[in-house]
Amino acid sequence: MSLPSHVRLVEVGPRDGLQNEAQPISVDDKVRLVDALTEAGLGYIEVGSFVSPKWVPQMAGSAEVFARIQRKPGVVYGALAPNLRGFEDALAAGVKEVAVFAAASEAFSQRNINCSISESLERFAPIMEAARQHGISVRGYVSCVLGCPYEGSIAPEQVALVARELYAMGCYEVSLGDTIGTGTAGATRRMFEAVSANVPRDKLAGHFHDTYGQALANIYASLQEGIAVFDSSVAGLGGCPYAKGASGNVATEDVLYLLDGLGIHTGIDMDRLIAAGNRISEVLGRATGSRVAKARSAT
């Protein structure tokens with residue numbers, strides 16, 4: 001299969017990247033980050049999450065962030081809305097697209113959201129109905145598709161079942177996440193082959209963590225499977241609080257470098273992207289997690 005000529009990157013840094021930070025991050029800094037990513041040419045930015053601040057303190061200011069960002073026509077500004085209350089809050093904030101998440105692992109589902117996979121999917125039904133009524137698009141996430149911290153390996157067929165349910169419920173796209181970053185290129189291809197028997201490849205996305213340094217290899221393997229949408233996080237921000245040792249998402253800068261080298265169009269400006277990542281890294285008081293940004297900054 002030939003590689004896609006165009007790839008869409010879903011920037012998850014402002015939400016998935018920042019939600020696990022221990023230190024408080026101001027609304028000003030979050031707005032500055034989203035606006036910088038907009039200027040860099042990202043077409044989809046996951047801005048925040050409408051969940052209880054008790055569970056995810058860093059996402060407490062999401063409504064204010066949405067109110068203050070400079071929205072650019074044609075750019076999708078999405079948010080996580082795992083329950084009906086969250087959906088209603090997102091709607092009130094002017095969000096046009098929300099995301100819901102399930103797991104491919106029963107143990108991870110229980111530890112993460114205290115319910116079974118089937119129960120989690122049932123909880124999405126009222127969200128999907130409300131989204132249809134209000135004309136809001138819904139994106140689905142499946143976590144632990146290539147490994148679970150509690151169960152170990154996950155069968156591709158199990159991932160396919162969960163992805164099929166989300167797609168059947170009305171998710172226009174299903175993002176498959178290697179939450180703990182243990183996946184390899186071969187496992188990635190086998191997983192997409194299994195899932196694509198249930199969900200069209202053009203409705204699938206890849207979401208890779210770089211814990212074992214395999215994220216870019218897995219993205220290339222996904223491209224070979226015809227996948228043309230990938231989640232990534234500027235400066236490699238983020239991890240998973242429920243997965244011991246899980247490092248950040250793959251850095252958007254590094255994915256862009258790979259795609260540019262393959263002649264695949266994204267419409268993203270590398271220099272502006274690196275600047276955005278370096279700025280938020282300074283706010284966090286540490287070096288960027290992007291190898292490309294480190295190399296470019298050292299020259």
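Could you give P(r) for the range 30-123, binned at 10 Å from zero, as whole percent values over all Cα-Cα pairs?
16, 43, 29, 13, 0
For GLU193 and LYS54 in one chain, what is 0.36 nm times their gap in residues minus the Cα-Cα distance, to one decimal in nm?
46.1 nm
Given a 1.4 angstrom probe, I'd like the percentage of the accessible area of the range 3-49 that is carbon and sulfur, rounded to a whole number.
Whole-percent figure for carbon plus sulfur exposure: 49.
Carbon-plus-sulfur fraction of the accessible area of the range 61-119, 1.4 Å probe, in percent?
Solvent-exposed carbon and sulfur of the range 61-119 make up 50 percent of the total.
Using a probe radius of 1.4 Å on heavy atoms only, what accessible surface per residue do you get for the chain? Whole Å² is fine.
Per-residue value: 41 Å².
Give LYS96/LYS294; LYS30/LYS72; LYS96/LYS203 a once-over and call out the pairs whose C-alpha atoms are over 28 Å from each other.
Over 28 Å apart, Cα to Cα: LYS96/LYS294.
Rounded to the nearest 20 debye, what is the charge dipole size of the range 86-145 about its Cα centre when +1 sits on each Lys and Arg Cβ and -1 on each Asp and Glu Cβ?
So the dipole magnitude of the range 86-145 works out to roughly 160 debye.
Counting each DSSP H run of 4 or more residues in the chain as -39500 (n - 2.57), what helix-only mean residue ellipticity at 222 nm follows after dividing by all residues, to the nearest 500 deg cm²/dmol?
Calculated mean residue ellipticity at 222 nm is -12500 deg cm²/dmol.
Hey, what does the equivalent ellipsoid look like for the chain, semi-axes from the Cα gyration tensor as sqrt of 5 times each eigenvalue, largest first, whole Å?
25, 24, 18
Ranked highest first by average number of other Cβ atoms within 10 Å, how do 175-188, 128-141 line up?
Final packing ranking: 175-188, 128-141.
Spelling out what I want: for every residue of the range 60-74, take phi, set θ = phi - 60°, compute 6.51 cos²θ - 1.76 cosθ + 1.60 (Karplus), and round to whole Hz; glycine and proline get x.
4, x, 4, 4, 5, 4, 4, 6, 9, 5, 8, 6, 10, x, x
Give me the orientation-averaged projected area of the Cα convex hull of the range 106-160, in nm², one decimal.
The directionally averaged projection comes out at 4.1 nm².
If I histogram all Cα-Cα distances within the range 159-299 using bins 5 Å wide from 0, what percent of pairs lands in each bin?
2, 10, 19, 20, 20, 15, 8, 4, 1, 0
In whole percent, and with a 1.4 Å probe on the protein chains, what portion of the accessible area of the range 191-242 is carbon and sulfur?
Whole-percent figure for carbon plus sulfur exposure: 45.
Using Cα pairs closer than 8 Å and at least 6 residues apart in sequence, work out the relative contact order for the chain, in percent.
Answer for the chain is 21 percent.
Under 13 Å Cα-Cα from LYS54, which aspartates and glutamates qualify once same-chain neighbours fewer than 8 residues away are excluded?
Correct list for LYS54: empty, as no aspartates and glutamates qualify.
So for the range 1-40, taking the charge dipole from beta-carbon charges (+1 Lys/Arg, -1 Asp/Glu), which of VAL12, SER2, ILE25 sits furthest toward the positive end?
Toward the positive end, the furthest listed residue is SER2.
Taking the Cα centre of the range 35-164 as origin, work out the dipole magnitude from +1 charges on Lys and Arg Cβ and -1 charges on Asp and Glu Cβ, in debye rounded to 20.
I would put it at about 240 debye.
The values are calculated or read from the model by the stated rules, or taken from the named source; none is laboratory data. Remember, it's a predicted structure, so these values are computed and weren't measured experimentally. With ideal geometry, Cβ positions are generated from the backbone for all residues, glycine too; neighbour counts draw on all protein chains shown. Note: areas computed on protein heavy atoms with side chains; ligands, DNA, RNA excluded. Shrake-Rupley method; radii C 1.70, N 1.55, O 1.52, S 1.80 Å.
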